[in-house]
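Only one structure is covered here, and it is reproduced in the block below.
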Amino acid sequence: IGNPWLMVLGSAYLIWLMCAHFAEQNEKGSEHDEAVNVRHHCFGGTIAMIAFLDLSLSFDNVVAAVAFARDSIALVYIGVTIGIITLRLVAGYCIKLLEKHPWLEHTAFLLVGFVGMLLCVELWWDASIRTTVQWLGVTFVSEKEGHYHIEKVAKFGGILCIMLGHIAYEKVPAVAVIMRPILRVLLVPAQLIAKLVGGVFLTLVWPFRFVWSKVRG
């Protein structure tokens, strides 16, 4: 479905969202950074930010649907439609849930990054490896109509593991003690990706920010 390079960019975007989130959380560890990140937006800026966020979430839905059903355009359309409708219907409930359990926000970004990695690995596997993978009688990668795909059991199994693993990290102190050193190591490449891609993004949007600053006077 679609141009493979566009799907690579889409998967990279989802991975960057995850990396940027955790890099920002780490930077907010000090009181100084907390103070720096408190900003007041004018009405126009707030509207623009909301519009950009809505566009970003819609794009996420498209990329995620492609990652899970790359071999079926019908399933992509259905997945995107369900995602948009669900987002509108459960937004209020999700906000209340996040207020009660703030750590669920981290789970969401982990899943976003995981979906991006899935699509990236699937594209790489289809272009280079092109081998069926089976283990204990379960097929994880298969070939269909000349393309190799990660099976749904592997995708949803990974999502389940991430959710259960993060719940254990938040609720079981022993798990948190074991995982913290590993997470500190993983944070290093995440910060690097966030800064590199963030720098490119700031460079691209600089002309628009410059024009906006002139318009505002």
Worksheet entry | Residues of type lysines that Lys155 reaches as a straight line, Cα spacing below 20 Å, ignoring anything fewer than 8 places off in the same chain | Lys144
Fill in: Whichever lysines have a C-alpha closer than 26 Å to that of Lys100, once near sequence neighbours (fewer than 8 apart) are set aside
Lys28, Lys171
Worksheet item: Ranked from highest to lowest mean number of other Cβ atoms within 10 Å per residue, what is the order of the peptides 104-111, 126-133, 155-162?
Response: 104-111, 155-162, 126-133
Fill in: Overall form of the stretch 124-170 per C-alpha gyration tensor (a/c, 1.5; a/b vs b/c)
prolate
Worksheet item: So which lysines can Lys214 reach, going by Cα to Cα under 29 Å and dropping same-chain residues fewer than 8 places off?
Response: Lys195
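Throughout, read-outs are computed from the coordinates displayed, never taken from laboratory work. Quick caveat: nothing in here was measured; it's all calculated off a predicted structure. Ideal geometry is used to build each Cβ from the backbone, glycine not excepted, and the neighbour counts take in all protein chains shown.
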